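To start, the structure itself, in structure tokens.
No value in this document is a laboratory result; all are computed from the given coordinates. These figures come from a predicted structure and were not determined experimentally. We place every Cβ from the backbone using ideal geometry, glycine too, and count neighbours over all the protein chains shown.
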Amino acid sequence: MIQESLENGVLILSIHRPERKNALTQEMYGHLADALAAAQKRPEVRAVLLRGNENFTSGNDLMDFAFFAQAGTPLRETATVRFIYTILNVEKPLIAAVRGLAVGIGTTVLMHCDAVVVANDARLSLPFSQLGLLPEFGSSWLLPSIIGHTRARHLLMTGAPFSGDRAYEMGLATHICQDETTYEEAEKVCTQFTRLAGNAVRDTKGLLNPEKRNLALKAVIESELDAFEEALKGPAFEEAATAFFEKRKPDFSRFD
């Protein structure tokens, strides 16, 4: 469900689960984490492109979340968290190409990329509150620094979807294009990186992400994980998950 190929120095990781709009499972997170970690040691890889097909990803498979909640599996032992921390340690240029849906982690991962090519009609969202959950992947800290506190509060607290055009306007994406040219444009951006001196690109990325910043970001992620794990055990998420599988809107009226 993760397709992997190397083309002209670019490691292309394609999320391919179209029947579920590329919803991510533990197996898929594990594959992504392994591929990204291996890329660090492969000199032939000069950039990494993360993409989907008709959709980038509809986010975490809710079946996984429901399983964690019922089984009591510690969140930090999941492949999801391993993927998150692997992303933080990627030294090579990481580029995302976004078409269709980019839900939850499909949007938060963009905050960790070095370039984001987004289709103008892509549909992004951070629907954590709509699931009785909380922000993850450092988004509660990163998003305000990228788009401003007022906009970040609105998007994180309401989960309101927004377009690729809007993402570009707010600074969440570096490149905007028509849907049908998204992957072509992303390949051009990747080529820009592969033609540069690898050590200069890597060291520049290191200067932009100094240890002090990374320590602060990791502290935020750890706090988010604690809150997220607690929310997974709560009645609001249980109602949201039940409503999803019953194909109805959740009723949060009885929750404070």
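R0 = 30 Å: FRET efficiency of Arg202 with Arg76, Cβ-based, nearest 0.05? All intermediate terms of the calculation are to be shown ahead of the outcome.
Values: r = 28 Å, r/R0 = 0.94.
It comes to 0.60.
Past 32 Å, Cα to Cα: identify those pairs from Lys21/Lys188; Lys218/Lys249; Lys21/Lys233; Lys205/Lys233; Lys41/Lys218, in the order given. Please report the intermediate quantities before stating the final value.
On the way: Lys21/Lys188 26 Å; Lys218/Lys249 34 Å; Lys21/Lys233 26 Å; Lys205/Lys233 37 Å; Lys41/Lys218 23 Å.
Distance filter (> 32 Å) returns Lys218/Lys249; Lys205/Lys233.
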Worksheet item: What FRET efficiency comes out for the pair Glu44/Asn89, r = Cβ-Cβ distance, R0 = 22 Å, nearest 0.05?
Response: 0.70
Discussion item. What's the magnitude of the charge dipole for region 1-138 around its Cα centre, counting Lys and Arg as +1 and Asp and Glu as -1 at the beta-carbon? Answer in Debye, nearest 20.
Written reply: 120
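Fewest first, what order do Ser145, Ser14 take by the number of other Cβ atoms within 10 Å? Each step should come with its number before you reach the end.
On the way: Ser145 11, Ser14 17.
Sorted ascending by nearby Cβ count, the order is Ser145, Ser14.
So how strong a dipole does the chain carry about its Cα centre when Lys and Arg Cβ are +1 and Asp and Glu Cβ are -1, to the nearest 20 debye?
My answer is approximately 440 debye.
Average projected area of the Cα convex hull of region 2-179, in nm²?
On the way: hull surface 38.6 nm².
The orientation-averaged projected area of the Cα hull of region 2-179 comes to 9.7 nm².
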Worksheet item: Along the principal axes of its C-alpha atoms, what lengths does region 195-250 span, in descending order and rounded to whole Å?
Response: 53, 28, 11
Discussion item. More than 17 angstrom separation, counting every C-alpha pair in region 161-236; what % is that?
Written reply: 71
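Given Cα pairs under 8 Å that are at least 6 residues apart, what percent is the relative contact order of the chain?
19
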Worksheet item: Extension gain Thr150-Lys247, at 0.36 nm per residue separation less the Cα-Cα distance, in nm?
Response: 31.7 nm
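In region 113-153, what is the volume of the convex hull around the alpha carbon atoms, normalised per residue and reported in Å³?
On the way: hull volume 4.0 nm³, N = 41.
In region 113-153, the Cα convex hull volume per residue is 96 Å³.
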Worksheet entry | Among 124-134, 202-212, 179-189, the order from most to least packed when residues are scored by Cβ within 10 Å on average | 124-134, 179-189, 202-212
